[in-house]
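Engineer: My questions will all concern the structure given below.
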Amino acid sequence: MGSLSIWHWLIVLVIVMMVFGTKKLKNIGSDLGSAVKGFKDGMREAEPDASASATPAASDKQLAGQAGAVKKDAIDVEAKEKI
């Protein structure tokens, strides 16, 4: 019951080919490849969205400065919660 040798894997491969057939195995491989490709494309499309979400914060600060809402003697600080 040790590790499986190459002969064990060949026998498993032959049994799988007999059960499913080569045509069905080929379709499974192409479906898996297209799923991976679709996942990679989706990840590439998601990256620009993350950078676009950071730009509205910068534009809000610019609008506040243009509207005169920021005073020259005001101190800009960041509030932090105590843990």
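Per-residue answers, yes or no, for (1) assigned to a helix (DSSP H, G or I); (2) within 21 Å of the chain's Cα centre (by Cα):
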{"position": "Ser3", "(1), (2)": "no, no"}
{"position": "Val12", "(1), (2)": "yes, no"}
{"position": "Val16", "(1), (2)": "yes, no"}
{"position": "Lys24", "(1), (2)": "yes, no"}
{"position": "Ile28", "(1), (2)": "yes, no"}
{"position": "Leu32", "(1), (2)": "yes, yes"}
{"position": "Lys37", "(1), (2)": "yes, yes"}
{"position": "Lys40", "(1), (2)": "yes, yes"}
{"position": "Arg44", "(1), (2)": "yes, yes"}
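Engineer: If the requirement is being modelled with pLDDT of 85 or more and not aromatic (Phe, Trp, Tyr), which of these qualifies: Ser59, Ser3, Ser34, Ser53?
Structural biologist: Details: Ser59 fails: modelled with pLDDT of 85 or more; Ser3 fails: modelled with pLDDT of 85 or more; Ser53 fails: modelled with pLDDT of 85 or more.
Step by step, each of Ser59, Ser3, Ser34, Ser53 is checked, and only Ser34 is modelled with pLDDT of 85 or more and not aromatic (Phe, Trp, Tyr).
The values are calculated or read from the model by the stated rules, or taken from the named source; none is laboratory data. Because the structure is a prediction, the values reported are computed rather than measured.
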